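**Student:** Let me give you the structure first, and then I'll get to my questions.
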Amino acid sequence: MTEKPSDVFQRAMSPEDYQRLMAIRNYRLHQFVADAIQLCEPERVIVCDDSEQAVALTRRMALENKEERPLAIEGHTVHFDGPEDQGRDREVTKYLVPKEDHLSPALRQIEREEGLAEVRGLLRGSMRGRTMIVRFMSLGPTNSVFSIPCVECTDSWYVSHSLNLLYRRGYEQFKQLGEQAQFFATLHSAGKLDERMTSAEPDKKRIYIDYRTDTVYSVNTQYAGNTVGLKKLALRLTIRRADREGWLAEHMFLMGVYGPAGRKTYFAGAFPSACGKTSTAMLPGETILGDDIAYLRAIDGQCRAANAEAGIFGIIQNVNAKDDPAIWDVLTKPGEVIFSNVLVKDGRPYWLGMGCPIPDEGENFTGHWYKGKKDAQGNEIPPAHKNARYAVALPALANCDPELDNPDGILLGGIMYGGRDAYGYVPVQQGFDWNHGIIAYGASLETETTYAILGQEGLPEINLMSIQDFVSIPLGKYIQNNLDFGQKVRKPPLVFGVNYFLRDKQTGQFVNAVRDKHVWVKWMELRVHDDVGAIPAPTGWIPKYEDLVPLFRQVLGKEYPIEDYRRQFTIRVPENLAKLDRVEHFHRTQVPDAPPVLFEVLHAQRQRLQKARELFGDYIGPEKFLESCWLEYIGMR
Ligand code: SPV
Ligand code: MN
């Protein structure tokens, strides 16, 4: 850069905006913003601080600029992304890797200089005639050990509006930190737009992550998962920082679960997209602290956790009044909500699985939509996209936890890992110890690909800790960091494995109702406090029937027949051995640096399963694991 940043700013912005930017004394920040201006050539630049005025401007401009449209209910708006911009795009999301560096071959990457030239080429002049908005936000509560300052320069008022709802304001924090601000930066341009204000050149979509400078470049896309740099793009950078600093950045929700006498216990949960994550975090009667990204730190020997975010960018499909009353409430009453990629008719949003009839025509992500409309390949277009979403600020929810912004985070009692496992794991179980839980549930997490990622659906895959897409360090190192974390705290959180998608072998039907998960969570809460016992099955501690009966009654008001319990908690030895084969194969072939203890833990699980088969056969009812021959074998008698 030949010109001084302050000269660039003076030319591009009003004196007020200039003052706001210069009030943050940070050389790298000024370099970054000046470079963004020189590269993208916006007509003008707006620098937002934390004021209500700045926040309101963004809200208003998203409408004025037609990136969003108002809906009938006050505060509700709709935004559409283009037909080829409906999810995170793995293909074009890459790390910029300097020549001398090596990143796991499993991670999409491009040589740094080459990638920079490509993406900067696409960004060049991309904001001509437009406004560049400079936003300062914070990942994690502000002024806390958890905070990471972030700046995003974008030409999308929709992206800026999403930042309002999803993150904490961070301008004042930046100002205080000055040169100390170790920030993440994102430069985003929606690129060329069509008449519907959606990115018109999806083939030129690129999302490149420069971990050397903690900078993200995103162009020719609008889908928030690709453009809101603080979401999964920053998560990749955070994992590297957490690795250096000895803490964990996880793809986890955080929730408070009530136990007896008003006791509250906090849980984190990792689930791949569209596997029940938000609906668990939103269980009625409990509290939500976060639905997507959690930071875990060992502080004074305790495991403390905070939400990186302050809002929810949630999947709307199947949100209905009966199963998700807390979200339903927010989505149907006045207040600030951005709907995306739903069907709109007469100012009302409609989505798949909302539990009421959907109109035969309206406007959706493909423009005017009518029943039977087909895409270029001849496939019928659904009324709303499966990955249609809503964005809301967490405090808008009646069940938002009061500790959301606690700078010390919350004390974590348990962690759950859940995937889509049709025939293997039981609905809920607890790891024998930290290492077993992390390995047998986290590092073994299997799922089927879903619509949250562009590509084919329904393919089985391992998605360890549900974070594999975002792990920017060697996978084995990431697993080891998780294992080590358990040593840094006096009482590590208990680790649970859940599986909401277990099917009956004969009928292929799910063995659980949607709301049964609430019982599992309450059981976990009791386990954290040692209020109930459990049965040592080969794959983990499983609930006793007599402890679940009262929980089903209290939580769901329903009886729990013993046949249901047996069907759900029968240990299926052949399926579990096959699962172990897949998991082991994955780690042997894809994780060259997998910690040896991982194979030891898997081997021990295999031995337990084989012994159980020897004693009881292939399909083993849960009560069998209380018999003395089994207890003797596992050393409990
Ligand atoms: C997910 O798909 O895991 C999300 C949404 O939380 S986003 O990553 O933003 O696409
Ligand atoms: Mn997510």
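**Student:** Answer with yes or no whether ARG128 is charged (D, E, K, R), within 30 Å of THR58 (Cβ to Cβ) and open to solvent by 70 Å² or more (accessible area, probe 1.4 Å).
**Tutor:** Answer is yes for this residue.
**Student:** Name the residue that is modelled with the highest pLDDT, counting only residues in the stretch 415-469 that are in a loop (DSSP other than H, G, I, E, B) and of a type in the set (Val, Ile, Thr).
**Tutor:** Here the residue is VAL426.
**Student:** Report whether or not ALA422 is surrounded by fewer than 19 Cβ atoms within 10 Å (Cβ to Cβ) and either touching a Pro at 6+ places or on another chain (Cβ under 8 Å) or among the aliphatic types (A, V, I, L, M) (or both).
**Tutor:** Against the criterion (surrounded by fewer than 19 Cβ atoms within 10 Å (Cβ to Cβ) and either touching a Pro at 6+ places or on another chain (Cβ under 8 Å) or among the aliphatic types (A, V, I, L, M) (or both)), ALA422 qualifies.
**Student:** Across the stretch 292-325, what is the total count of residues that are modelled with pLDDT under 95, over 17 Å from ASN341 (Cα atoms) and of a type in the set (A, V, I, L, M)?
**Tutor:** 1
**Student:** Might you check whether a residue that is in contact with a His (Cβ under 9 Å, 6 or more places away or on another chain), of a type outside the set (Asp, Glu) and not in a loop (DSSP other than H, G, I, E, B) occurs anywhere in the stretch 278-294?
**Tutor:** yes
**Student:** Just one of the numbered conditions (1) in contact with a strand residue (DSSP E or B) (Cβ under 7 Å, 6 or more places away or on another chain); (2) open to solvent by 10 Å² or more (accessible area, probe 1.4 Å); (3) closer than 22 Å to PHE625 by Cα is not true of LYS505; which one?
**Tutor:** The one condition LYS505 does not meet is (1).
**Student:** Starting from residues that are small (Gly, Ala, Ser) and more than 14 Å from ligand 1 (Cβ to nearest atom), keep the ones in the stretch 250-283 and report whichever is farthest from ARG90 (Cα to Cα).
**Tutor:** ALA261
**Student:** Looking only at the stretch 384-411, filter to residues that are touching a Gly at 6+ places or on another chain (Cβ under 7 Å) and assigned to a loop (DSSP other than H, G, I, E, B); which one of those is modelled with the lowest pLDDT?
**Tutor:** ASN387
**Student:** Would you mind finding the one in LYS231, LYS192 that is at pLDDT 95 or above and over 18 Å from the mean Cα position of the chain (by Cα)?
**Tutor:** LYS192
**Student:** Where residues in the stretch 547-580 are farther than 19 Å from TRP630 by Cβ and basic (Lys, Arg), which of them is surrounded by the most Cβ atoms within 10 Å (Cβ to Cβ)?
**Tutor:** LYS579
**Student:** If VAL119 satisfies all but one of (1) open to solvent by less than 20 Å² (accessible area, probe 1.4 Å); (2) away from ligand 1 (no atom under 16 Å from the Cβ); (3) in contact with a Gly (Cβ under 9 Å, 6 or more places away or on another chain); (4) not acidic (Asp, Glu), what's the number of the condition it fails?
**Tutor:** (3)
**Student:** Taking the condition of a type outside the set (D, E, K, R), out of contact with any His (no Cβ under 8 Å at 6 or more places or on another chain) and open to solvent by less than 70 Å² (accessible area, probe 1.4 Å), does ALA376 pass?
**Tutor:** So ALA376 does not fit the description; no.
**Student:** Can you tell me which residue is nearest to SER472 (Cα to Cα) among those in the stretch 238-261 that are part of a helix (DSSP H, G or I) and open to solvent by less than 30 Å² (accessible area, probe 1.4 Å)?
**Tutor:** First, pick out the residues of the stretch 238-261 that are part of a helix (DSSP H, G or I): 238-245, 260-261.
Then keep just the ones that are open to solvent by less than 30 Å² (accessible area, probe 1.4 Å); that gives 238-239, 241-242.
Working: THR238: 9, ILE239: 7, ARG241: 10, ALA242: 11 Å.
Out of the qualifying residues, it is ILE239.
**Student:** With the checklist (1) within 24 Å of ILE37 (Cβ to Cβ); (2) among the basic types (Lys, Arg); (3) surrounded by fewer than 22 Cβ atoms within 10 Å (Cβ to Cβ) in hand, flag the one item ARG196 doesn't pass.
**Tutor:** That leaves (1) as the condition not met.
**Student:** How do the pairs read when you match residues in the stretch 314-330 that are within 16 Å of ligand 1 (Cβ to nearest atom) with residues anywhere that are assigned to a helix (DSSP H, G or I) and of a type in the set (A, V, I, L, M, F, W, C), using Cβ under 8 Å and keeping only pairs 6 or more apart or on different chains?
**Tutor:** GLY314/ILE327; ILE316/LEU331; VAL319/ILE327; VAL319/TRP328; VAL319/LEU331
**Student:** Quick one: which strands (runs of 3 or more DSSP E) sit completely within the stretch 115-234 and have at least 1 residues that are small (Gly, Ala, Ser)?
**Tutor:** Output list reads 131-139, 184-189, 215-219.
**Student:** I need the full set of residues from the stretch 350-369 which are in a strand (DSSP E or B), open to solvent by 20 Å² or more (accessible area, probe 1.4 Å) and more than 17 Å from ASN320 (Cα to Cα), in order please.
**Tutor:** Matches in the stretch 350-369: GLU361, GLU363, HIS368.
Listed here are the residues, each with its yes/no results for (1) open to solvent by 10 Å² or more (accessible area, probe 1.4 Å); (2) within 13 Å of ligand 2 (Cβ to nearest atom).
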site: LYS232; (1), (2): yes, yes
site: SER279; (1), (2): yes, no
site: GLY290; (1), (2): no, yes
site: ILE316; (1), (2): no, no
site: LYS322; (1), (2): yes, no
site: ASP329; (1), (2): yes, no
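**Student:** When only residues in the stretch 262-271 that are open to solvent by 10 Å² or more (accessible area, probe 1.4 Å) and not in a strand (DSSP E or B) count, which is nearest to ligand 2 (Cβ to nearest atom)?
**Tutor:** ARG263
**Student:** Okay, next question. Within the stretch 238-254, take every residue that is under 14 Å from the mean Cα position of the chain (by Cα) and not charged (D, E, K, R) and give me the one that is nearest to ligand 2 (Cβ to nearest atom). Full working, then the answer.
**Tutor:** Step one: list which residues in the stretch 238-254 are under 14 Å from the mean Cα position of the chain (by Cα), which gives 238-239, 249-254.
Subsequent filtering for residues that are not charged (D, E, K, R) retains 238-239, 249, 251-254.
Numbers: THR238: 13, ILE239: 14, ALA249: 13, HIS251: 6, MET252: 9, PHE253: 9, LEU254: 13 Å.
Selected residue: HIS251.
The values are calculated or read from the model by the stated rules, or taken from the named source; none is laboratory data. Remember, predicted model here, so these are calculated numbers, not experimental data. Note: ideal-geometry Cβ built from the backbone for every residue, glycine included; neighbour counts use all protein chains shown. Keep in mind that these areas ignore ligands, DNA and RNA; they rest on the heavy atoms of the full protein, side chains included. Shrake-Rupley method; radii C 1.70, N 1.55, O 1.52, S 1.80 Å.
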